[in-house]
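Heads up: the structure comes next, in C-alpha cells.
The values are calculated or read from the model by the stated rules, or taken from the named source; none is laboratory data. What you see is a predicted model; the values in this text were computed from it and never measured. Ideal geometry is used to build each Cβ from the backbone, glycine not excepted, and the neighbour counts take in all protein chains shown. Side chains are part of the model used for accessible areas, which takes the heavy atoms of the whole protein and leaves out ligands, DNA and RNA. Shrake-Rupley method; radii C 1.70, N 1.55, O 1.52, S 1.80 Å.
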Amino acid sequence: MTLDLVLKTGFQNTLLPGNQHYLDPTGRRITGADLFRITASVIVQPADAELYADLERGLQPEHHAGGRPYGLALLEAQQIGIMHVTTPEVIEGFRAGTPLPVGGSNCYGGWPVGQSWEDALPKVTWFPGGEGVLGEYDNAAGGKVTLIEYMVDRAQKYNDRVEPVGELAPMVTYHCDRCHRPEMFDLGEKYQNEGPGDRSWTASKARTHARGKDGKCTPVDDSHMRRVVEQVVSEHQGRTMTLPTRESACSLDGGCSLVRHARAVTANLTDHA
Ligand SMILES: [Zn+2]
Ligand SMILES: [Zn+2]
C-alpha cells in the first residue's frame, strides 16, 4: 500500500463544541453541520489500483479524473464525515499552507468506502482519548438520548462479565435516560468507533430511539421482581434486604455512568480548548 495520506497536525484539538448538525426532512440522515475540521489530505495515484477503483466507484462521472491522480480532503464533524474531491496540486498547496477551498458539488457525504479504504484509512475518534459527548437528542417520550464515544477493554466490548485482556478499544453508543437502554450486553447498539462513518451510523440509531421508532423505549418496571427477590433473600437471611433499582444500578456502573464520565471529559477538554 503506497497511499499518500497525511493527517493534519493537531486535528483532534479542534473539537467544535456546540456544532449544529442538520437533518433531512425524515429526521433519519444527517445532511450537514455548521463546522467541520480537516482531518487528512490524500493523494491517490492510479498505481494504487484498488483504492483508485474503489474511490471512483463512488464518484459522479463528471468528477472522474480519467486516469489522472486524485486529491482528497477528508473532513469530519461530530456526527458526519465528508470528502472533498480535488486535484493533487490543490492538496499539495494545502499541505504547504494554502487554505483549502471546500464546498460545492465535489463534496461527498462520508469518507471513501470499500475494503481497500477500510485497510488504508487511519482509525480516528472525535475526542483525543476516544471519550466524550457527540450529541444529545430530546426523547419524544421524555428525557434525553446522549451519543457518546467511550473506551472499553477489548474483550468486554459486548459483554462486561468476561475477563479483561488489559487493552482498550474505542467504541460508540448512545444512552437513553428514560429506559436506560442499551444494556451493557445489547449487541446491536454498540459499535467499534473507527471513524465518522461509525459515529454517523450510531447517531442515526440514537435518533431512531429518541423518536420512539425502534419500539424499545419502555421504562423498565422491575419493582415487582425486585420485591419478590428481596422478600426471599430477607426471609432466608433473617434480616431485611433491599436491591438497587435499575436506575441506581445504571448510574453506578451502566450507561448512565458512561454518560456522566463522557460529560466530565468533554467539559474538561472544551474548557481548555
Ligand atoms: Zn441509565
Ligand atoms: Zn429510551
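For Met225, which of the numbered conditions (1) over 30 Å from Val113 (Cα atoms); (2) away from ligand 2 (no atom under 16 Å from the Cβ); (3) of a type outside the set (Asp, Glu); (4) open to solvent by less than 40 Å² (accessible area, probe 1.4 Å) fails to hold?
(4)
Determine, yes or no, whether Lys144 is within 16 Å of ligand 1 (Cβ to nearest atom) and open to solvent by 20 Å² or more (accessible area, probe 1.4 Å).
Values: within 16 Å of ligand 1 (Cβ to nearest atom): yes; open to solvent by 20 Å² or more (accessible area, probe 1.4 Å): yes.
For Lys144, the condition - within 16 Å of ligand 1 (Cβ to nearest atom) and open to solvent by 20 Å² or more (accessible area, probe 1.4 Å) - is met.
Condition first: open to solvent by 40 Å² or more (accessible area, probe 1.4 Å) and of a type in the set (A, V, I, L, M). Can you find one or more residues in the stretch 91-105 that meet it?
Yes - at least one qualifying residue is present in the stretch 91-105.
Any residue at all in the stretch 114-134 that is open to solvent by less than 40 Å² (accessible area, probe 1.4 Å), within 27 Å of His175 (Cβ to Cβ) and within 16 Å of ligand 2 (Cβ to nearest atom)?
Looking through the stretch 114-134, none of the residues is open to solvent by less than 40 Å² (accessible area, probe 1.4 Å), within 27 Å of His175 (Cβ to Cβ) and within 16 Å of ligand 2 (Cβ to nearest atom).
Give the residue, chosen from Val124, Val133, Val172, Val113, that is of a type in the set (Val, Ile, Thr) and over 21 Å from Asn13 (Cβ atoms).
On the way: Val124 fails: over 21 Å from Asn13 (Cβ atoms); Val133 fails: over 21 Å from Asn13 (Cβ atoms); Val172 fails: over 21 Å from Asn13 (Cβ atoms).
Step by step, each of Val124, Val133, Val172, Val113 is checked, and only Val113 is of a type in the set (Val, Ile, Thr) and over 21 Å from Asn13 (Cβ atoms).
Evaluate the following for Ala169: is it surrounded by 13 or more Cβ atoms within 10 Å (Cβ to Cβ), outside any loop (DSSP other than H, G, I, E, B) and away from ligand 1 (no atom under 16 Å from the Cβ)?
Criteria met by Ala169.
Filter the stretch 75-110 down to the residues that are in a strand (DSSP E or B) and either touching a residue at least 40 places away in the same chain (Cβ under 8 Å) or among the β-branched types (Val, Ile, Thr) (or both) and list them by number.
Within the stretch 75-110, Glu76, Ala77, Ile80, Gly81, Ile82, Val85, Thr86, Tyr108, Gly109 qualify.
Look through Arg199, Arg181 and report the one residue that is within 21 Å of Glu131 (Cβ to Cβ) and assigned to a loop (DSSP other than H, G, I, E, B).
One residue alone meets the criteria, Arg181.
Within the stretch 11-49, track down each residue that is surrounded by 15 or more Cβ atoms within 10 Å (Cβ to Cβ), of a type in the set (D, E, K, R) and more than 16 Å from the chain's Cα centre (by Cα).
The answer is Asp48, and nothing else.
Could you list, in sequence order, the residues of the stretch 1-29 that are among the small types (Gly, Ala, Ser) and modelled with pLDDT under 90?
Passing the criteria: only Gly27.
Across the stretch 230-268, what is the total count of residues that are away from ligand 2 (no atom under 16 Å from the Cβ), in a helix (DSSP H, G or I), open to solvent by 50 Å² or more (accessible area, probe 1.4 Å) and not basic (Lys, Arg)?
The qualifying residues number 11.
Considering only the stretch 172-189, how many residues are surrounded by fewer than 22 Cβ atoms within 10 Å (Cβ to Cβ), within 16 Å of the chain's Cα centre (by Cα) and within 14 Å of ligand 1 (Cβ to nearest atom)?
Qualifying residue count, the stretch 172-189: 2.
How do the pairs read when you match residues in the stretch 205-222 that are at positive phi with residues anywhere that are assigned to a loop (DSSP other than H, G, I, E, B), using Cβ under 9 Å and keeping only pairs 6 or more apart or on different chains?
Listed by first residue and then by second, the contacts come to Gly212/Asn139; Gly212/Ala140; Gly212/Ala141.
For a quick check of your reading of the model, give me the residue pairs whose first member lies in the stretch 111-130 and is more than 29 Å from Leu269 (Cα to Cα), whose second is crowded, with 19+ Cβ neighbours inside 10 Å and small (Gly, Ala, Ser), with beta-carbon atoms closer than 7 Å and at least 6 apart or on different chains.
Correct list of pairs: empty, since none qualify.
Filter the strands (runs of 3 or more DSSP E) completely within the stretch 1-53 down to those with at least 2 residues that are β-branched (Val, Ile, Thr) and closer than 17 Å to Asp119 by Cβ.
37-44
Looking for whichever is under 30 Å from Ile148 (Cβ atoms) and touching a Leu at 6+ places or on another chain (Cβ under 9 Å) here; the options are Leu23, Leu51, Leu55, Leu74. Which one fits?
When all the criteria are applied, what remains is Leu74.
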